Amino acid sequence: MSFSCHRATRRGRFRWRRRRCGPPSGRYAVDEIKEIADVTFALAGNPNTGKSTLFNQLTGLNVETANYPGKTVELNLGTTNLDGTTIAIIDLPGTYALGAVSEDQWVARRGLLDGRPDVVVVVVDASNLKRNLYLVFQFIELGFPVVVALNLVDYAAKLGIKIDHERLSEILGVPVVPTVATRGLGVRQVVEEVVKVAKEGYKIERPRLLYDDQLEKAISSLTEEIAVSIPETPFGIPPKALAVQLIEGDSEFKETVQKLERGQRVLRSAAEVAELVKSEWRESPEALMSRERYELAARISRDVEIKIEESPPLSERLKLVTVSPRSGLPIMVTVMAAVFAAIYWLGGLLSEALDSLWGGAVSPIIGAGVYSLFGEGLVSRVILWGADAGVLASLSVGVPFVLTFYLVLSVLEDSGYLNSLAFLSDSIMHRLGLHGRAIIPMITGAGCNVPAIMSTRVLETKRERLLACALIVLVPCSARVAVILGAVANLAGWSYALSIFLIELGLIGAVGMSLNRILPGESRGLVMEMFPIRAPSPKIILKKTWYRFKGFLLIAFPMVIAGSLVMGILFETGALWRLASPLEPGIYWLLGLPAVAGVALIFGILRKELTLELLIALAIVQYGPTAQSLLTFLSPLQLFIFALVVTIYIPCVATISVLGREVGWRRTLLISMFTIGLAVTVGALSYRVVQMIHGVWTLG
């Protein structure tokens, strides 16, 4: 079996249509890839079953992505080839259920209902079969041909669990294939079963999945009415599946049915059945159906699981250590300190090496080329701001700090430690109106706020996403960390740098608790699986790191270049100086900074990592060549205040752009103005407090 990604792209057809029509919507992209495939299957499962690893094995992570209009969660699309059969793969967002509560669930369901794949491959965790069968039931109910990939069978064996996959296949009526996705075991067999089911149908009889007798009777009565009143059900799902969705009160299906000719009649009947369920079982239909599915999953799990006497593996013992507050909290502090130390030391070394290489080998060539084409005038100098300084800034921050952070993040993620971190931080995050899962986007924000904001899509409510986005913009990204560590720590001292981080931490807590009280609603509880601490796969870590870093470059790199060109135009034409004079009285009175620092702060919204470079460039013009050392025209306290303000206010135009797409432009404007006001206020107070306590320019 050979693996590839998008044969259609290589033929030129898919890429040409994307260029012409712009980023494709979810359904459009799925239709495109289906046109060039003999068989199409969707890959589904919760985020912790190894679904993404299986997709990586099939596509090598070289994938196309598509968004549904108005949604930020992506579908990943790829192809593979089995003995001459072209197979298209639709990788659905990882989800535990197929409701429409969060964006990932909505997109997963619409990817299925709109795309109508020939087969759905549901990846389940063999070590936690009871929890994972819930999603399998939902796909079977919706009438999709299903193949179950029973993943992590090796880890289940270490826990003393063996699954009789043949018996499970007999009970469910669908093929079940044991797999170990990290090693590629069973991957070919999964694809072979997909092709067989797509072309020949099932080879085994499909039993009906039955619930409580009285509940089945209530569902059957509505199913019969739907079969008569709505011969063509929405999306072609079975009448029983539609009956279950309506009884559970699914808003999307209710809106669809309401528009049909006899839809109102069916909805009235569904409401009557729902009321009957409430009166008979004294719980909501949605809760009852969930409980019934879990009880069915428990019965099936007991039937197919074979217990083997085994001592708990080291990975399981490590998990218990990392989630226990007594041992877990010191471990968490140690891990976080190690993460930032790795970013600082490794990132710093890489940054110095890149700066040296660029200044000695690349920059002279670019300069010579630009000057030979455009002469030594204004145009050349402006172009070099983008082509030389802009590219260097992207690389000197992006490669050393963002790339290093993504590498560390991939290690933490694949080792399973992020789950422990989410569990430990849940009580703290609840005070901020969030739950433990939100800690992961916030940690990601330490690398770059752009992907961190995008990752808030996994949170279930708009309130949680808005809260998380507002707090993420306060998390110092690698560009701001470079300002703090590269200038403040090295020139003014570690006491100043540490003070900035502590102030930031306090602001995040204060803002989070305040917004939690102001915004209507409340955070949901944390329900998540806990996974063992395991040795990550170097190959998968490198692939994940590159995939994330590539996404960062595609979003941030153009914005940094554009921001550099704007700054170049303003600097080279002298427009910056016309801004400096009016700023001088206010910026000095508020923050104790010279006018050139005020100009650098204003244009730091374009690119935070260039605020120091712009500050030095402006200072050289005003104070002469000696201003190359920041301490010749700024005191340690002024440098501290400058970096503090830079760290607090809205990171950059790239962050503003993605924030606008995630929470809307009105909220983005409010968040931006709030952070700017907060930065000036905290900077002014800090300036006066430090002066009062420590004298003129020192912290001690």
Most exposed first, judged by fewest Cβ atoms within 10 angstrom, 221, 410, 269 run 221, 269, 410
Excluding residues fewer than 8 positions from residue 539 in its own chain, the lysines with Cα under 26 Å of it are 51, 158, 319, 550
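What is the gain in length, in nm to one decimal, between residue 539 and residue 337 on full extension, counting 0.36 nm per residue of separation less the C-alpha to C-alpha distance?
Details: separation 202, 0.36 × 202 = 72.72 nm, distance 2.54 nm.
Length difference between fully extended and current span is 70.2 nm.
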Taking R0 as 30 Å and r as the Cβ-Cβ distance between residue 495 and residue 355, the FRET efficiency 1/(1 + (r/R0)^6), rounded to the nearest 0.05, comes to 0.70
Between residue 42 and residues 5 or more places away or on another chain, the pairs with built amide H atoms under 5 Å apart involve 90, 119, 120, 121
Full extension between residue 321 and residue 306 adds, at 0.36 nm per residue less the Cα distance, a length in nm of 2.7 nm
Taking a ≥ b ≥ c as the square roots of the eigenvalues of the Cα gyration tensor, with a/c under 1.5 meaning rounded and otherwise prolate when a/b exceeds b/c and oblate if not, segment 213-285 is prolate
Looking only at aspartates and glutamates whose Cα falls under 16 Å of residue 130's and that sit 8 or more positions away or on another chain, we get 164, 292, 295, 303, 305, 529
Ordered by number, the trypsin sites (Lys or Arg not before Pro) in segment 107-206 that occupy a DSSP loop and have at most 16 other Cβ atoms within 10 Å are 203
From the Cα centre of segment 141-193 to that of segment 416-484, the distance in Å is 34 Å
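Computed from the coordinates by the stated procedures, all read-outs in this text should not be read as laboratory data. Bear in mind that the values here come from a model prediction, so they are computed numbers and not experimental data. Please note: Cβ atoms are built from the backbone with ideal geometry, for glycine as well, and neighbour counts cover all protein chains shown.
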